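The values are calculated or read from the model by the stated rules, or taken from the named source; none is laboratory data. The structure displayed is predicted, hence computed values, not measured ones. Glycine also receives a Cβ, built like all others from the backbone with ideal geometry; neighbour counts cover every protein chain displayed. We work out accessible area using only protein heavy atoms, side chains counted, and drop any ligands, DNA or RNA first. Shrake-Rupley method; radii C 1.70, N 1.55, O 1.52, S 1.80 Å.
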Amino acid sequence: MNPLLRYLWNFRGEVNAALTKTLAEKLQVSPLVAALLQQRGIADVEQGRQYLSSRLADIPDPFLMADMEIAVKRLCLAVQGGERIAVHGDYDVDGITASALLVENLRSFGASVDYYIPLRLVDGYGLSGEALQRAANSGARVAVSVDCGVSAHDEARLAKELGLDLIITDHHQPPEKLPEALAVINPHRPDCLFLDKGLAGVGVAFMLLVALRSRLRQIGWFQDRTEPDLRHSLDLVALGTIADIAPLSGLNRILVKAGLVVLNQGRRPGIAALREVADVKEVNCGSVGFRLAPRLNAAGRLQDATQGVDLLLEAVPAKALDSARQLDDCNRQRQAIEQQTLEQALEQLTEKYDPSQRSIVLADPEWHSGVIGIVASRLVERFYRPTVLIAVDNGMGKGSARSIRGFHLYRALNDCQQQLSAFGGHEFAAGLSLPADNIEVFAAAFESVAENELSDDQLQPRHLFDQEVLLEELTLETVTELDLLAPFGMGNPQPLLVARNLRAQQVQVLGDKHLRFTARQGGYSQACIAFGMAERIDELAGEFDLLFTPDVNEWRGRSSVQLKVKDVRPAESES
């Protein structure tokens with residue numbers, strides 16, 4: 001077993017010196033920020049202004065989405081007529097937040113709304129026929145899916161038979177033929193004119209609400225009632241978008257930037273309680289991804305994701321705190337199961353891993369289907385191969401897949417569909433089901449696709465860095481200015497810089513896992529922290545190059561620059 005531990009360092013892309021100067025002067029930013037803007041797709045001053053301001057006023061027209069007009073017209077009739085609306089979500093954070101978003105705001109519009117989240121271990125992924133039947137029996141005449149449904153052909157036909165007008169909102173890759181629903185709202189539809197294709201499920205649901213509120217306003221629905229302020233629900237949009245690792249560019253960046261402000265205001269008792277149990281003082285993309293989202297996700301992975309929706313909708317702080325504590329306990333259970341599954345997967349790889357393989361496919365009847373997606377991500381980090389883990393139960397396998405840059409999972413699974421019962425997902429993450437007897441054949445087919453799609457060069461992991469800098473350039477003012485580019489995440493990476501020919505001083509090992517040291521370059525020095533790199537302490541013995549993200553460290557009321565180390569290598573080596 002030989003996991004890939006060393007990354008190449010590649011320059012993200014050249015910048016135009018004249019444009020850097022123009023952006024710096026016109027936008028009143030440092031040359032470093034001006035260069036970083038170019039590397040994030042900014043080609044002129046106006047684009048730069050829009051990027052830095054990220055105003056909600058710049059949200060595009062939601063009616064550009066295919067079928068939006070049909071969906072809004074039907075929902076207007078349901079709201080006006082007091083018809084019951086059934087919301088059907090998914091069990092991950094994107095689906096949980098999207099469900100809470102629709103339920104909260106449809107009710108504030110005056111609608112009668114119920115909601116249903118499938119049980120991962122019982123219902124599996126996607127629209128549930130049983131849930132649609134239950135909705136019809138309860139008197140619902142409209143059903144709205146969030147974060148699922150774009151491949152639900154059988155369920156769409158069932159909805160029609162039950163007299164349910166089904167509105168599908170989703171962001172997963174659509175099949176060639178769409179389900180026969182009243183409306184299918186998905187920015188990835190080939191006929192959809194909406195330019196922002198990277199929305200998470202919660203983002204698509206938010207745009208539906210923007211369109212619906214606009215139409216209700218036009219017909220005078222809010223003349224005798226309070227018109228809801230959708231900005232107050234942007235905390236849910238930010239939470240779901242970050243958790244789903246949607247690209248933080250374009251519309252997503254606007255929504256998340258505004259949503260993080262709402263998250264930090266602490267308006268929602270459920271999120272305030274979640275912050276308390278997770279010990280989160282300030283909410284940012286990192287704390288959402290590593291502290292809040294895993295706890296909200298835990299119930300859906302192991303038990304019932306409805307707990308997450310209930311928490312987000314809870315208005316009583318004491319009840320919210322009780323629910324958050326239950327989710328915190330559930331998350332600890334999830335972590336233990338995840339660690340055990342990772343160890344078992346690594347044991348399998350010890351026996352049969354071949355570095356010449358282009359992919360990894362593993363299966364086990366003891367695995368919990370709620371954690372295999374996380375473990376697949378861990379294996380991708382270690383081996384840099386498209387990875388599928390499959391939990392086998394009663395002759396059927398449920399799989400979760402994660403990928404690398406350059407290998408589109410949904411398309412790969414489409415090429416292997418003869419072995420699969422069902423599949424769906426994105427470029428980098430997907431789910432599937434198949435008979436257990438098909439696993440070996442599927443693994444061979446998946447490997448064949450990977451062999452055709454991936455070159456040796458693509459299997460070499462890379463860090464893409466933005467700029468080379470001198471330590472003397474990293475003043476507190478300059479590093480603080482980098483926050484103008486936030487929020488950081490997929491599609492809008494935190495600036496990754498390189499400083500060359502450094503020497504380390506005052507090297508310390510922290511907690512047996514981490515390193516703290518001072519990097520010196522000529523007469524200048526900067527404090528450094530290297531998480532999880534204690535075993536690489538010997539690499540600091542001579543002169544080295546450093547790959548890092550600069551940050552502002554706050555300690556006892558004092559602010560200082562700190563470099564968060566991503567990688568280190570001997571000085572003057574080739575990129």
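What the table below lists for this structure:
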{"item": "Qualifying residue in region 63-71 (condition: farther than 24 Å from V144 by Cβ and not basic (K, R))", "result": "no"}
{"item": "Candidate set from region 77-99 (those that are more than 17 Å from the chain's Cα centre (by Cα) and in a helix (DSSP H, G or I)); member that is nearest to I271 (Cα to Cα)", "result": "V79"}
{"item": "Filter pass, V309 being within 21 Å of the chain's Cα centre (by Cα) and assigned to a helix (DSSP H, G or I)", "result": "yes"}
{"item": "Selection count where residues are farther than 23 Å from K398 by Cα, without any contact (Cβ under 8 Å) to a residue 60 or more places away in the chain and open to solvent by less than 20 Å² (accessible area, probe 1.4 Å), scope region 295-317", "result": "1"}
{"item": "Residue among L119, L102 that alone is among the aliphatic types (A, V, I, L, M) and either part of a helix (DSSP H, G or I) or surrounded by 17 or more Cβ atoms within 10 Å (Cβ to Cβ) (or both)", "result": "L102"}
{"item": "Whichever residue in region 23-49 is among the β-branched types (V, I, T) and part of a loop (DSSP other than H, G, I, E, B) and, among such residues, is nearest to F465 (Cα to Cα)", "result": "I42"}
{"item": "Of residues in region 154-191 being within 29 Å of the chain's Cα centre (by Cα) and basic (K, R), the one least open to solvent (accessible area, probe 1.4 Å)", "result": "R189"}
{"item": "Residue list for region 286-306, filter: hydroxyl-bearing (S, T, Y) and either outside any helix (DSSP H, G or I) or farther than 12 Å from S323 by Cα (or both)", "result": "S287"}
{"item": "Restricting region 199-234 to residues that are over 18 Å from L75 (Cα atoms) and open to solvent by 30 Å² or more (accessible area, probe 1.4 Å), the residue that is modelled with the lowest pLDDT", "result": "D224"}
{"item": "Answer residue from region 370-399, given it is among the aliphatic types (A, V, I, L, M) and over 24 Å from D90 (Cα atoms) and is most open to solvent (accessible area, probe 1.4 Å) among those", "result": "V380"}
{"item": "Candidate set: region 281-293, residues that are open to solvent by less than 30 Å² (accessible area, probe 1.4 Å) and within 19 Å of Q307 (Cβ to Cβ); chosen: the one farthest from the chain's Cα centre (by Cα)", "result": "L292"}
{"item": "Any hit, region 432-446, residues being within 18 Å of the chain's Cα centre (by Cα) and closer than 27 Å to L119 by Cα", "result": "no"}
{"item": "Residues being part of a helix (DSSP H, G or I), of a type in the set (K, R) and touching a residue at least 40 places away in the same chain (Cβ under 8 Å) - total across region 256-285", "result": "1"}
